[in-house]
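Here is the structure we will look at, set down as C-alpha cells.
The values are calculated or read from the model by the stated rules, or taken from the named source; none is laboratory data. Bear in mind that the values here come from a model prediction, so they are computed numbers and not experimental data. Heads up, the Cβs are rebuilt from the backbone with ideal geometry, glycines too, and the neighbour counts pull from every protein chain shown. The protein model used for the area step is the full one, side chains on, heavy atoms only, and it has no ligands, DNA or RNA in it. Shrake-Rupley method; radii C 1.70, N 1.55, O 1.52, S 1.80 Å.
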Amino acid sequence: MPTCPKVLAALILLLVLPLQPGRAAESNVVATDHDSASLVSASDGFMPGQTLTVGLRLRLAPGWHTYWSNPGDAGEAPSVDVVASGGASGHATRVDWPAPLRLPDGPLMSYGYVGDVVLPLRLTLAAAPGGGQLQLAATAEWLACASVCVPEHGSFGLRLSQGAPAGPSAQAPLFAQAAARQPLPSPFPARLTPDGLELSGSGLGPAAVRDAWFFPATPGLINQVAAQRVTVTSGLIRIGLKPLPDLAHAHAIDGLVVLRDPAGNESMLSVSAPRAAAASDGAGFSFAALPRLLLLALLGGIVLNLMPCVFPVLAMKALAFSRIAGSHHTEQRLSAAFYTAGVLVAFAALGALMLALRAAGSAAGWGFQFQSPLFVAAICWLLFMVGLNLGGLFEIGGSFAGFGQTLAARRGHAGDFATGLLAVLVATPCTAPFMGVAIVGALSAPAAVGMTVFLAMGLGLALPYGVFTLVPGLAARLPRPGTWMVVLRQALSFPIFASCAWLAWVLSIEGGDRGVLVLAAGLVLLAFAGWLVGLSQRLGVASVPWRARSCLLGAALSTVLALAMLPDLSGSQAAGASAQHVVAGSEPFSEARLAELRRQGRPVLVDMTAAWCVTCLVNERLALAPADVQRAFEAHHVVTLRGDWTNRDAQIGSYLRQHGRDGVPFYVFYPAGGEGHVLPQILTASTVLHEVGG
C-alpha cells in the first residue's frame, strides 16, 4: 500500500490545530429544515499570488444526503462558482471532490455525502491594484435528498484580510477531513477486462488489502447497484463489474478505487483503466453464447413476420404466392432465393450501418432510421408508388394481360429482390420477441459475429416464404392464375395506402406542419408521375411512341420535383422534435422522475414507445387504454412514465441499453417497494392487470 502524503498532512494538521488561535472564516449561512450551507476558507487571511482554499460547507440533517460528481443512478452533482475581488482577483468552479459514500436505495445506487462535509475549491489569487480586503462572492446549487429530493441554492459572501494568516481558520479541520479523502493518482497499473477492473503491483496482496470497490467517473457504463466481487492475490486485485452495453464501445474507464486494509484504513486512488488488449474489438465476447444468439436471432426474424409493421409487405407476399402457384418448381425456388437475397442484403446493410455507428460512439438503436423525417417521407412515397402500381395506375414490366403461359414464364426476380429489401425497411420499426437480446449481443460482439447475427435475423424473416416454395405441394394448393388475380392485386393496394396514412401521422409528430405539407405535395407529384407512366404505356400499346416518350419525360420531371423537396425535411425535425407523444394520464419519462417515484414507494410502469412503432400503438390500444386497465392503475396509484423515442432521445436510449434492449416497444413494471421486471413486448390487458394486481 502506498503512503498517502495528504493523509499524513491532514493528521499533523489535526494535531497542531488545538495549539493555534484559529479565527472563523465562514460566510453567511443559508439554512432549511434539512440542511444548512455556507462558504468557508481554510485560512483567515490571504496573500496575492498564492493559492487560497475555500469550500462549500453543507451540514446535512440526519437521513439526508447530497451527491458526488457522478451522482450514480439518480441525482445531480452540486455546482459552485466562487469569484474573488478587491485585494486580489480569482475565479474557481472546479471542485476537488472527496471520495463519496455508496448510498444504496432499493434498485438504485447513489454516490454522495452525509453529515458535515466540505467541497473544496482552489483559488489562485492575482494581485489587484489598491490592495485591501479580499471579497469572496459565491453561488451554489445542490440537491438535498432523503425520501424526496429538494433542489437548493444559495449566495454567499466572505471577506478576508490581506497578510500572512494568523493560523488555520476554525473550519480547517473540515478541510483536513476532505484532504484525507482526496484520491491520489494510482501507483498501480489498471486495466479493463471482460470481467471488470484489475490493479497490479508489488504492494498489493491479502496482507495489504482486505476489500476494494470502484466508483465510475461517469454513469451509464456499469450497473452501479450490482455487487462488485473482489479477488485479492499476491500482486493483483480484481474488482468484478457488471457492464452495460456502452462499456463495450469505451476504450477505457475512469474512476476512483477505494482500498481498505485489514485494520480498516482506506486509501483512495484515481484510476484510468484502458481496455486490455485481449478484450479489444469484441474479443471479450464469449463464443459459447453464439449458438444461443443465432437461435434468438432466427426466432426473432420468424416472429417478425407476424408483427404489424410487416403487414404492408404481407400484401405483396400474398400476391407473389398467388403468382407462383402455377410455376415450375425451379421458378418457385428462384423466386424464394431472390426474395431471401433481398432480405439478407438489407439486413447486412442495416447491420453494418448500426455497427459502424456504434463504433463511432453513436447511440443508434433498432429502427433508428424512422427517427429521420426525411426517411419517413421517402418510405411513405415509396409505399405510395407501390400502392398505385398494385391499383393498376401503371405497370412495372408490362401489363397483367396474358395470364396463362406468359405469366407463368415471367420470372420477376428483380421484383422478388426489391420486395425483400422493402420488407426489411418497413419491418424495422418493430422489435419482435427474441430480437432485443440478439441485437444487443450483435452490437457487443466482434464485427464478423455481429453481422452473422443480423443475417440470421434476415434468414428468419425470409424463412416462411422459402418453406412455402420449397416444400412440394404447398404452392400447388393455391388457385391457378386467372382474372381473380387482378381483383386481388387491386384490393391489396389498400393496406399499402393505410401504411402511408400512418407514416403521414408519424411525420406530423417528427416534422410538424411543414413536414406534412412537403409529404402531401410529394404525394401529388408522384401520383401525377404514376399517371403519366400509365398513360405512356397505353400510348405505347397504341403505337404513338413520341407521345409516350413525352409522358415519360413529364413523369421524370414530376418525380425530380418531388425528390427536390426532401432536403426541406432535414430541417423540419427541430420544429417537430419538441412535440412529445404522451398519452393522457401519463408523464414524460426521465431517470430522475423514476428515481423519485421509486423513493416514494409508488408503483411505476415505464412505457418506451414511438409513433413509428406500430406494435407500440397496438399495445397501447389493446392493453393499456382499456377502461378496466385504467381503473386498475388509478386504484393502485400506478404512475405511467412514457418514453417517446419518435425523435432521438439520449436518455431513453441509455435506459434501453441498461436493460439490454435496443428498440421499442419496451415495458418495465416496478411494484411498490419491489424490483422492476420486464413485461412481454406483445402486451395484453390481462397481462397488465395481473402485474398491477399482483
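Kindly rank 203-209, 99-105 from highest to lowest mean number of other beta carbons found within 10 Å of each residue.
Most protected by this proxy first, the peptides run 99-105, 203-209.
Given labels modelled 7 Å from the Cα in the Cβ direction, how far is it in nm from residue 272 to residue 69?
My value for the distance between the label points is 1.2 nm.
In nanometres, what is the gap between the two model label sites at residue 202 and residue 686, each 7 Å from Cα along Cα-to-Cβ?
7.0
Determine the gain in length on full extension of the stretch residue 236-residue 505; use 0.36 nm per residue of separation and subtract their C-alpha separation, reporting nm with one decimal.
Taking 0.36 nm per residue and subtracting the Cα distance, the gain is 91.0 nm.
Quote the charge dipole size of region 37-123 about the Cα centre in Debye, to the nearest 20; the model charges only the Cβ of Lys and Arg (+1) and of Asp and Glu (-1).
Details: 5 positive and 7 negative charges, 31 e Å.
Result for region 37-123 is approximately 140 debye, rounded to the nearest 20.
Apply 1/(1 + (r/R0)^6) to the Cβ-Cβ distance of residue 226 and residue 678, taking R0 = 25 Å, and write down the FRET efficiency to the nearest 0.05.
0.90
Along the Cα→Cβ direction, 7 angstrom out, place labels at residue 637 and residue 497. What is the inter-label distance in nm?
Using points 7 Å along Cα→Cβ, the separation is 5.2 nm.
Enter the mean projected area of the convex hull around the alpha-carbon atoms of region 597-639, in nm², rounded to one decimal.
Convex hull of Cα atoms, orientation-averaged projection: 3.3 nm².
Against the empirical 2.2 N^0.38 Å scaling, what ratio does the C-alpha Rg of region 99-173 come to?
Expressed relative to 2.2 N^0.38 Å, the Cα Rg reads 1.57.
Keeping all protein chains in the complex and leaving out DNA, RNA and ligands, what accessible area do you get for residue 677 with a 1.4 Å probe, in Å² to the nearest 10?
Estimated to the nearest 10 Å², residue 677 gives 70 Å².
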